[in-house]
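We did not get these values from a lab; they are worked out from the coordinates using the rules stated. These figures come from a predicted structure and were not determined experimentally. Counting neighbours? That spans all protein chains shown, and the Cβs are built from the backbone with ideal geometry, glycine included.
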Amino acid sequence: MPVDLHRRIDAVWREESPRIIAALMRLVRNLDLAEELAQDTLVTALERWPDAGLPDNPGAWLMAAAKNRALDHLRREAMLARKHAQIAQELDGLHDELHAAREAALDDDIGDDLLRLIFVACHPLLSRDAQVALTLRLLCGLATDEIARAFLVPEATVAQRIVRAKRTLGEADVAFEVPRRDELPERLSAVLGVVYLVFNEGYAATAGEDWMRPALCAEALRLGRLLVALAPAEAEAFGLLALMELQASRTAARTGPDGAPVLLPDQDRSRWDRAAIERGLDALARARRLAPAPGPYALQAEIAACHARAARAQDTDWGRIVALYRALEDVSPSPVVALNRAVAVSMHSGPAEGLAIVDGLAGEPALRGYHLLPAVRGDLLQRLGRGDEARAEFLRAADMTRNARERELLLARAEAAAG
């Protein structure tokens, strides 16, 4: 198969597989079977498309083929059931179940298979880490090693989480539905976290040839809007939506004509989406009204709003951003938040102060293998005129990332630092 065609099929599959698995899950009510049928559909595409060419609408082709496989499976199950005395009742039950599912889809005020799938993956039977790992696998189509890098944990750990999560859901026969409103609070926090991780995977892809996967950002935004409709009194749902809108507003300016990354200070802000910024600021205002003491997503949205309000990079209110990162560390402490605060401190008080914070994070186990630690350190060293040290850090970061575009950027920065 030509390499270009293989890449195109892989790109289509990454974007379409979550919807396909969600639709199959509604039909067969078994996660392992839904994934198996989806993979069979991909195999069929890989066999047919090299000769026939990509369909005009590859996603629709895959969805139709997957549903046909599911229906064939249900028919085979029904034929096997003929061996039992109660075949008539079983067939009637199958038809009633499918009819009820269709009726429920019409009556459900969410009416979204993907959202149902997220709530299943975020079931309280599962640990938070398992919830997020399973949903990244199902919603983003990420491989186990890619999820491990996003989690900053060993690949074997993620594999175990996914296997155990699927087994737990299967043994409990978890319903494929949005939970009742009185069950929402305990499930919503995990769902918000998952949606944001989906967005982040689209905003800065863990691996592959592209710097961004805009379709994932769009999907996360769509789910975020569904969530605020589902939970209109939840401040953090609006905080997350605000954060995603504000970050997504920069999409057109984040890559050059050749797809190369463009960092925030170098972006043409006239290309930022003003409508998305207004939507983000509106959602942030709603979050403030619902909860005067902001949560983690609202605080991150406040930081994004500081950038959105600055007409030029040099107009950014770095003092406020530093204060917001300190507040974020109070409510949601993590080494990654501390690293981001170091960048803000360097912009407000100088690179030496930022470097002191970064060096204090060098021994953090969670940042071992996190490529942005040496990338930030390289930037600060370069600003301090320590070119050789900066080059070494950029090279180390380039060796750690799995995103081809990001690697190219880091290697270019290493060369510039050496010069």
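With contacts taken as Cα pairs under 8 Å at a separation of at least 6 residues, the stretch 334-419 carries a relative contact order of 23 percent.
Mind running the shape call on the stretch 251-303? Use the C-alpha gyration tensor, a ≥ b ≥ c as the square roots of the eigenvalues: rounded below 1.5 for a/c, prolate if a/b tops b/c, oblate otherwise. Show your work: numbers first, answer last.
Details: a/c = 3.95, a/b = 2.37, b/c = 1.67.
Prolate shape, in that a/c is at least 1.5 and a/b is the bigger ratio.
Suppose only helical runs count, i.e. DSSP H with n ≥ 4. What mean residue ellipticity at 222 nm does that imply for the chain under -39500 (n - 2.57) per run, divided by all residues and rounded to the nearest 500 deg cm²/dmol?
Values: 19 runs with 303 residues, N = 419.
Roughly -24000 deg cm²/dmol at 222 nm, from the helical runs in the chain.
Over the stretch 197-332, the fraction of Cα-Cα pairs per 10 Å bin, rounded to whole percents and listed from the shortest bin up, is 13, 41, 37, 9, 0. Note on the chain: GNM, Cα springs under 10 Å; of D32, D182, D399, the largest mean-square fluctuation is that of D182. Of the residues A156, A404, V343, the one whose Cα sits farthest toward the positive end of the charge dipole of the chain, with +1 on the Cβ of Lys and Arg and -1 on the Cβ of Asp and Glu, is V343.
Restriction of the trypsin sites (Lys or Arg not before Pro) in the stretch 107-186 to DSSP coil positions whose beta-carbon has at most 10 other beta-carbons within 10 angstrom yields R180.
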